[in-house]
Amino acid sequence: MSASTHAPALRLVGLAKTFDHKLAVDHVDLEVPSGSFFGLVGPNGAGKTTSLSMAVGLLRPDTGHAEIFGHDVWSAPERAKALVGVLPDGLAMPERLTGREVLTYLGLLRGLAKDVVARRAEELLAVLELDGAEKTLVIEYSTGMRKKIGLATALLHAPRLLVLDEPFEAVDPVSAATIKTILRGFVAGGGSIVLSSHVMALVEQLCDHVAVVDKGRVAATGTLDEVRGGRSLEDAFVGLVSDQVSGVKELSWLSSP
Amino acid sequence: MAVVALTMARMKLAVLRHAFHGRRAHTAGTGAALGVLSALGTVYLAFVDLDLLAAGYAVWLLGWLLGPLFMGGGDETLRPEYFSLLGLPPRRLAAGLLAAAFVGVAPLVSLGALLGLLVAGLRLGVANALVAVPAMVLQLAVFVLLSKVSVAVVGLALRTRLGAIVSGLLNGAVLAALGQIWIFFWAFGQTGVPAAVWYLPSGWGLLAVRGRWWALAALAVLVLLLLAAWAALLTRRVGAARASARGRRPITAGTATGAVVAKELRTWSRDLVRNHQLTFALSYGLCFAASPLIIGWDGMLPYAGPIFIVMAAAMAANLYGTDGTALWLTLMTPGASDVRGRQLAWLSVHAPVAIVLTVALTALTGGPWPLILALLPALLGGAAGLVPLISAYALVPGTDPHRRAGNPLRTSEDDGGLTGLAYLMLALVILTGAPAALAAVWYGWAGVATGVLTGALCCWGFGLLAERRLRAHGPELLHVMRTGRKPHTTMKSRFDQLSKTQKTIASWCLGFGAIPLVPQGILASVFVANDMLRHSWFLATYMPPGLRYPVAAAFILLGLAMYGAGVWIVKPRSPGSGPSRD
Ligand SMILES: Nc1ncnc2c1ncn2[C@@H]1O[C@H](COP(=O)(O)OP(=O)(O)OP(=O)(O)O)[C@@H](O)[C@H]1O
Ligand SMILES: [Mg+2]
């Protein structure tokens, strides 16, 4: 653990990925300080999901590397992956298990003791209000329920870094409040979080650090105040990513009577 | 009505034009060539014997009924779901989809086969020839519609456990009967073609041509009835297959491998598609081995268990693919062994069934104990090793379970790839049984030791290779599953780089190597060993005594050599020369 005491929670160095001639991520460098709550924002197709997948070892970069608390994700995967909990966007689960069974399965896979797994699963299901659906298989879950069970699997092994791709999408307001409380508590306890989101208000409310990515590059990064520079995050974001000054266009055939 | 139908037919044509590129075009081309050959053979029957022609059309009917069930749910170029927001009435939707269903290679080839009706008509008279034209069209409509209705019925059945099991049993029985068709031909050879083939819907067109005019009307009525049935079934096709909601026993495992086993066992029992596959393999094995009883021979009965193992392995050939992107969890937990858990689970589902089946049936026939007991461990171990290995190396990207459309049999968009993978698995699992079988034939009980040894080695070694593959190429496999496309350094692209001659040689070797190896080699030596001489088309059984085993052995060698040559042509030359992957 010596490498990890001063190292940033997540460090991306020159990450690049090309999909059939399209440069999706263009040499991204990013540093997420230990103990920070880091927001990743950017327009659709900016490369957030691709960058985060490469950061946690789910997608092999063309060049560059990623470190989690100083452990390289590709050369020391066991150590790096033990420290991180991931909520990917739109990936499957063991679909024919119930929520509790998914958590038990994953806990054991992570090497946790049986009774620890049972206790944590119980608590997570109760807090995320999934315990009502005790007999429901994950394949029958709603979109929001899938997000919540995904979040539970990310939290289960008490990681030191959480990487969450759009954790609030499709989640109801009550559950969203619960998740916010959990995440704030996690950071207060010394954990670090990277999340991607399209909701600027939410990022402003939760995060202390922000990066704006656009067309596969980091357009701005730093503390929340540095990036928004006195404006609202939304204005700063629109200023950073839109090329035309013309502003928002309307659909003429929809607005004409 | 006509507008909708025409539009859908044109949509289908457009989709097909986009789809037929590269490898898929290659597969489709091979399929079409085989289809044209069968069609020509069928038309030829019209010149020979109308009884045989009726039997031939019965086989085409079976092909239309069953083909889609094993080809990943059949032609789904246009899916009913695409049109659900248009608010079309079900009849019009069905008519439109029917029009689109007539566009394609299979209907065209079948129409070619139905030219036999015209030939038969021309030989009988002018009126008969005139009747043959509408008869051809109606007969084709019956084929296409029966196929659609059978897929829809099985799709519905797969929503309940009972339905999944019953349809698995039926499909297995019918496919085994097709595989053992020579027995029926043999039996027919003595009794003549049964008159029943004339009265199956596949024979009605021919009946009409022969002057039973009512048969034409019957065909028309059948088309209308099937169309109505299909329309009714389309409205019931909603959502994905449901799993049963009973029996949630808590996971009691305490280790990572135990957890994988627990997860897999639950999936085996809860996923109705897997229920279906398991009962299918069981029914196939039993019926295949039992059908020679029709001609009074029980010598194949003890092989029901081994056949079940081979078939079950073929069904599980795309194990990782059917779980889809859930692979990410395996990637995030590099310390735990996913492969070993899956192997244990596969064995604990299949081995008990295989052992009980084999021991019971061999005891019943007093059959060749050393050979059977040699095959059992060899095949079980071979299958348990090959299932994860093949599914990790030749992964066919599947559709994530929660994203599958109304047709539960359709686990992937690449149904040709799935079928190819199943055949590859069949051949490879049979190969893993070969050393033990040969040892048993030559040295008796020593074969059992060989079987245990090769089984254990295959299970351990192939599992290790699969695990290495997952560890080294996990992210690439996940990417394939996420996007449904293969990256560049697979065997397929290596295949594309070959010259045309090399491709042809490799396809012939890999495609037909099984014929000398299995029937003419292994099966023939089994027949010779059992003194089953002058046996249908098994050459070695016609040889004078001294030449029987050598001929069978030569065929086995030829088969192995063909596989060897095929693999040698296709295998990557220098592993390091592919595009760099870090
Ligand atoms: N498998 C793929 N094949 C080809 N292109 C891809 C693939 N995955 C992503 N891309 C492309 O890479 C770019 C980045 O995609 P990515 O999913 O990372 O964006 P994102 O920032 O997560 O977008 P969103 O906010 O919509 O989730 C997009 O232009 C997309 O079209
Ligand atoms: Mg995204």
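Remarks
- Kirkwood analysis of the protein assembly as shown, using all unique Cα-Cα pairs, places the hydrodynamic radius at 30.0 Å.
- With semi-axes defined as the square roots of five times the eigenvalues of the C-alpha gyration tensor, the equivalent ellipsoid of the range A:92-158 measures 18, 12, 10 Å, largest first.
- For residue A:214, distant residues with modelled amide H under 5 Å away: A:219
- A simple packing score, the average count of other Cβ atoms within 10 Å per residue, orders the peptides B:359-370, B:342-353, A:154-165, B:223-234 as A:154-165, B:342-353, B:223-234, B:359-370, with the highest score first.
- Cα-based shape type of the range B:117-173, given that a ≥ b ≥ c are square roots of the gyration tensor eigenvalues and the cut on a/c is 1.5: prolate
- Amide H to amide H, with H built 1.01 Å from N, residue A:222 comes under 5 Å of A:210, counting only residues 5 or more places away or on other chains.
- Under-5 Å amide H pairs with residue B:398, H placed in peptide plane, nonlocal only: B:324
- Normalised by the number of residues in chain A, the average gap of Cα pairs under 8 Å and 6 or more apart makes the relative contact order 24 percent.
- Between the range A:83-144 and the range B:300-364, the C-alpha centres lie 26 angstrom from each other.
- Tensor-based shape of the range B:500-570 (alpha-carbon gyration tensor, a/c under 1.5 rounded, otherwise prolate or oblate): prolate
- Efficiency of FRET from Cβ geometry, residue B:36 and residue A:74, R₀ 51 Å, rounded to 0.05: 0.50
- Couplings 3J(HN,Hα) of the range B:329-346, computed from phi: 5, 5, 5, 7, 10, x, x, 9, 9, 6, 5, 4, x, 5, 4, 4, 5, 4 Hz, in residue order, whole Hz [Karplus 6.51 cos²θ - 1.76 cosθ + 1.60, θ = phi - 60°; x for Gly and Pro].
- Taking 0.36 nm per residue of separation and subtracting the current Cα-Cα distance, fully stretching the chain between residue A:126 and residue A:174 would add 15.9 nm.
- Reducing the range A:26-81 and the range B:503-551 to their Cα centroids gives an inter-centroid distance of 58 Å.
- The percentage of C-alpha pairs in the range B:256-488 whose separation is greater than 22 Å is 52%.
- Partner chain coverage, peptide B:262-271 - average Cβ within 10 angstrom: 4
- Overall dimensions of the range B:307-369, expressed as equivalent-ellipsoid semi-axes from the Cα gyration tensor (√(5λ), whole Å, largest first), are 34, 12, 7.
- With a 10 Å cut-off around each Cβ of B:329-342, the average count of Cβ atoms from other chains is 5.
- Filter on A:22/A:215; A:22/A:48; A:180/A:215; A:48/A:81; A:81/A:147 - keep pairs with C-alpha separation over 18 Å: A:180/A:215; A:48/A:81; A:81/A:147
- At q = 0.09 Å⁻¹ the log10 of I(q)/I(0) for chain A amounts to -0.42, computed by Debye summation with a single uniform scatterer per C-alpha, solvent ignored.
- q = 0.22 Å⁻¹, the range B:270-405: log10 I(q)/I(0) [Debye, one scatterer per Cα]: -1.30
No value in this document is a laboratory result; all are computed from the given coordinates. Note that the structure is a prediction, hence the values are computed from the model and not measured. Note that each Cβ is placed from the backbone with ideal geometry, even for glycine, and that neighbours are counted across all protein chains shown.
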